[in-house]
Amino acid sequence: MTINLTRDLVFFDLETTGLNVIRDRIVQIAMVKLHKKDGKTEEYTALVNPGIPISEESMSIHGITPKDIARKPTFKDLAEEIWDFIGDADLAGYNSNRFDVPMLMEEFARVGLELDISNRRLIDVQRIFYKMEPRTLKAAYRLYCQKELEDAHDALADVHATLEVFKGQLTTYEGKDLIDEDGEVIPAPVKNDIQALHDFTNDLNFLDATQKLKVQHDGTVVFNFGKYAGQPVMDVLRKEKHYGQWIMDKEFSSQVKQIIKGMMKKL
């Protein structure tokens, strides 16, 4: 099927040294770009030397060992070509909103590049799946594609599977309403529309993947941590001018820092 695009869409997957989006590093990146102009796809994949140890748990999942990446380029070496491949595309993946996107943002931030997602649509295929049929990627592939997923946890195999699952979801849930946990009927939330899927797969109550900044019903952004939890961010930054800089200097995600920096500029 043809996916309706208003700009290029990049599906991507990361294999990493661990699960901490701030401290861990990428060991493999794979991307498939769907071009808006002609619908053709373009691939990019690379092993990356992370410069830090790979956890035993992570190695048991993706099978990438220190020997595999010992002579591979670092993320700094690859950053420009990865940046150019993504361009101004929207981003999609499996559990990408909570892990892959913030992880990639951190890697870019370390080399002086700011991956701005404020004007990109983010499609998390896992969120569609978990809301409609809560299972794993392997089960999703079996359900939507009627095939068994081979080579699971190889980044390129996973990203191709994710793309196939996404197309299967668009077909399966076309015109299907969702009854949420409160019994409210949401009319046909899964549709061939990137903006609608962005809205459906993102938790709009939070501005960042680490859930440090929360949006109230009236649109006010409040802190969701620390001594100012529940207080409006703009009010705190206005009264405690040092607090914004404290956040910039501490171990917060680059996504949080981007948002705080933007709010500080409005003061």
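Observations on the structure shown:
- When the range 222-243 is filtered for residues that are under 24 Å from VAL21 (Cα atoms) and buried (at least 17 other Cβ atoms within 10 Å of the Cβ), the ones remaining, listed by number, are VAL222, PHE223, ASN224, TYR228, VAL233, TYR243.
- Test: residue in the range 244-257 that is loosely packed, with under 14 Cβ neighbours inside 10 Å, within 26 Å of LEU122 (Cα to Cα), at pLDDT 95 or above and not aromatic (Phe, Trp, Tyr): yes
- Residues of the range 140-186 that are modelled with pLDDT under 95, in a loop (DSSP other than H, G, I, E, B) and over 23 Å from LEU14 (Cβ atoms): GLN146, LYS147, GLU148, ASP180, GLU181, ASP182, GLY183, GLU184.
- Number of residues in the range 41-59 that are surrounded by fewer than 16 Cβ atoms within 10 Å (Cβ to Cβ) and touching a strand residue (DSSP E or B) at 6+ places or on another chain (Cβ under 8 Å): the value is 5.
- Checking each residue of the range 205-227 against the condition of being outside any helix (DSSP H, G or I), in contact with a strand residue (DSSP E or B) (Cβ under 7 Å, 6 or more places away or on another chain), within 22 Å of ASP90 (Cα to Cα) and without any contact (Cβ under 8 Å) to a residue 12 or more places away in the chain gives at least one match.
- Residue match in the range 60-69 (condition: part of a helix (DSSP H, G or I), surrounded by fewer than 16 Cβ atoms within 10 Å (Cβ to Cβ) and at pLDDT below 95): yes
- Remark: ARG25 matches the filter, which requires a residue to be more than 20 Å from THR201 (Cβ to Cβ) and surrounded by 13 or more Cβ atoms within 10 Å (Cβ to Cβ).
The values are calculated or read from the model by the stated rules, or taken from the named source; none is laboratory data. Computed from a prediction, not measured in an experiment: that's the story for all the values here. In this analysis, Cβ positions are derived from the backbone assuming ideal geometry, glycine residues included, and neighbour counts consider all displayed protein chains.
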